Every structure is written in C-alpha cells, then in structure tokens.
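The values are calculated or read from the model by the stated rules, or taken from the named source; none is laboratory data. Note that the coordinates shown come from a computational prediction; the quantities given were computed from them, not determined experimentally. Ideal geometry is used to build each Cβ from the backbone, glycine not excepted, and the neighbour counts take in all protein chains shown.
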Amino acid sequence: MSVHTEPPATPLLPLYVLGSRSPTWWGMIGLIAIEIVVFGGLIAMYFWLKLANPSWPPEGIAVKPLLLPTINTVILIASGVAMIVAKRAIVRGNQLVLKLGQVVALILGLVFFTLKIVEYSGYDYDWSTHAYGSITWTMTGFHAAHVISVVFKGIIVLLMSLRGMFRPDRHLAFEVSTLYWVFVVVIWLPLYFTMYISPRL
C-alpha cells in the first residue's frame, strides 16, 4: 500500500510589491532616465547657442527678470515637499494627511503653471523670432507641459485616495506618481539656473 505524500510547498510569488521590487516602479525610473537625457540635450543646446552667438540674449532682448521665476521655483519645490509628506503619511496609515498633501501639491502645481503663463505674457518675442526665443520657449514650454501632466495625474490619484484605494501596504500608484512629481520639481532647478542665472554670470 503506497503512502500518499504532499508535494513540497512552493513559495508563491508576491501579488503586490512596492518600490524597487515592482516592474511599474522600474518603468517610471526608465521614463525619468529618458526625460533626463531630453532635458539635458535642451540645456546643452542652450549653452551651445550661447557660445555660438556673441550677444546672448540677442541685442534688444533684456535678461529675464528673477523675481517671478524665483517665486515660482519656491512654489514648485513646496509642491514636491507636499507630495513627499503625503507619501510618508500613507506609509504611516494617515489618510487625512495623505489627502491634504495631495490637495496642497495640486494647488501649488496649478499656481506654478498660472504664473508661468503670466511670465510668458511678458515676453516680446516668440519661438520663431530667433534662436534664443526658440530654445527658451522650448525649454520652459516642455517643462510646463510636464507640470500640467503631473497635475492631471495627481487629480486621478487624489480621486483614488478619496475612494480609500491606498493603504500602507498598497499604494504603488501613489508611489510612482510622487516619484514623477519630484522629478518634475528637481529637473526645473537646472533649467532655472540655465535660463535665469547663467545669463547674469
């Protein structure tokens, strides 16, 4: 009479993982790496054009004022801080701070975009006027498009939060959204230096 034996237990693959164990997280890292190359190319092009032109900005074009873009930079950094606070809140299970952090970040993101439009209205040239106009409009416009993109994504993630879809052990969508938001904040700093500080050096 044969004795029936159970096969050895095989550990199951995890159904839900966070951070660097998640393919979604690595997908976002890959996207960010590609975008860093694109932004780096734009910055390199700016300085190449600056070296190739004896007058930069061109004659008749004033150096961009610092006040409004500096205020806007502080606002954008604050939005990133709000997202980080919200991320830490969900890890601790604090749903209230999670939602408040997202709302603050979204408001600040919209303020940044609005002030950027105000700044654009003061330009007396466009992207087709000269090389300076082309590269500066491309750099700021490309970044502004990223800001409005993270705001739209942030609205979707906020709606998910309001539906109670995030928990300390289940918040991958919020994690990758925060990662991309912080990238959009950080990548603005070299753009700010390039367009607003370097012409004064």
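What to note about this one:
- Residue in segment 79-93 that is nearest to residue 183 (Cα to Cα), counting only those that are among the aliphatic types (A, V, I, L, M), surrounded by fewer than 18 Cβ atoms within 10 Å (Cβ to Cβ) and touching a residue at least 24 places away in the same chain (Cβ under 8 Å): 84
- Lone unmet requirement of (1) free of Cβ contacts under 8 Å to residues at least 40 places away in the same chain; (2) closer than 22 Å to residue 27 by Cβ; (3) not hydrophobic (A, V, I, L, M, F, W, C) for residue 141: (2)
- Listed by first and then second residue, the pairs linking a residue in segment 49-61 that is touching a residue at least 60 places away in the same chain (Cβ under 8 Å) to a residue that is of a type in the set (Asp, Glu), with Cβ atoms under 9 Å apart and 6 or more places separating them unless they lie on different chains, are 61/124.
- Counting only helices (runs of 4 or more DSSP H) that fall entirely inside segment 82-201 and contain at least 1 residues that are of a type in the set (Asp, Glu), the qualifying elements are 95-121, 172-192.
- For segment 14-73, filtering for residues that are of a type in the set (Lys, Arg) and part of a helix (DSSP H, G or I) leaves 2.
- Set 75, 43, 71: member being among the hydrophobic types (A, V, I, L, M, F, W, C) and either under 30 Å from residue 172 (Cβ atoms) or over 24 Å from the mean Cα position of the chain (by Cα) (or both): 75
- For segment 51-74, the set of residues classified as surrounded by 16 or more Cβ atoms within 10 Å (Cβ to Cβ) and at pLDDT 95 or above consists of 69, 72, 73, listed by residue number.
- Meets criteria (among the small types (Gly, Ala, Ser) and either touching a Leu at 6+ places or on another chain (Cβ under 9 Å) or within 20 Å of residue 163 (Cα to Cα) (or both)) for residue 101: yes
- Residue match in segment 94-106 (condition: under 24 Å from residue 193 (Cβ atoms), at pLDDT 95 or above and crowded, with 16+ Cβ neighbours inside 10 Å): yes
- Contact map, segment 147-174: residues that are free of Cβ contacts under 8 Å to residues at least 24 places away in the same chain paired with residues that are among the small types (Gly, Ala, Ser) and outside any loop (DSSP other than H, G, I, E, B), Cβ distance under 8 Å, separation 6+ or inter-chain. Pairs shown: 160/173; 165/173.
- Taking segment 143-201 as the range and being acidic (Asp, Glu) and crowded, with 17+ Cβ neighbours inside 10 Å as the test, only 175 passes.
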